[in-house]
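The values are calculated or read from the model by the stated rules, or taken from the named source; none is laboratory data. On a predicted model such as this, the values are computed, not experimentally measured, just so you know. Don't worry about glycine lacking a Cβ; one is built from the backbone with ideal geometry, like all the others, and counts go over all protein chains shown.
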Amino acid sequence: MKTRKRDPSPTGKGTLVGVRLQPADLKALDRWIKRGGKHQTHPQAVRELVRNGLAIAEITWGAASNRSPHAIELAGSKIDLLLNPGND
């Protein structure tokens, strides 16, 4: 029997943030995991979504301060690469 490698390794370090998801949110998370094509646990998927959301917020805050069409286009490209890393 092949054992599955856990990612990231459990270290017990970091701050535990407990989150309860309502059934509709949990179904949406499961759909997001399936669409991603990766075998992820719920905690792994939530960590990835938080990282992506924070990165997108940082990008959009920067684009909002510089409203040039070129800056907005670059921000959109960065967000697309972040959300679809395999489609470069």
- Task: Starting from region 15-26, take each residue that is within 13 Å of His42 (Cβ to Cβ) and list its partners that are at pLDDT 90 or above and surrounded by 10 or more Cβ atoms within 10 Å (Cβ to Cβ), counting only C-beta distances under 7 angstrom and pairs at least six apart or across chains.
- Result: Val19/Val46; Leu21/Leu29
- Within region 27-48, how many residues are under 26 Å from Ala75 (Cα atoms), under 13 Å from the mean Cα position of the chain (by Cα) and free of Cβ contacts under 8 Å to residues at least 24 places away in the same chain? 9
- Query: Checking Arg6 against (1) modelled with pLDDT under 85; (2) out of contact with any Ser or Thr (no Cβ under 9 Å at 6 or more places or on another chain), which single condition isn't satisfied?
  - Reply: (2)
- Query: When region 35-52 is examined, which residues are found to be part of a helix (DSSP H, G or I) and surrounded by fewer than 11 Cβ atoms within 10 Å (Cβ to Cβ)?
  - Reply: Arg35
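Here's the yes/no breakdown for (1) farther than 29 Å from Asp30 by Cα; (2) at pLDDT below 80; (3) more than 17 Å from the chain's Cα centre (by Cα):
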{"position": "Val50", "(1), (2), (3)": "no, no, no"}
{"position": "Gly62", "(1), (2), (3)": "yes, yes, yes"}
{"position": "Pro69", "(1), (2), (3)": "yes, yes, yes"}
{"position": "Leu74", "(1), (2), (3)": "yes, yes, yes"}
{"position": "Leu83", "(1), (2), (3)": "no, yes, no"}
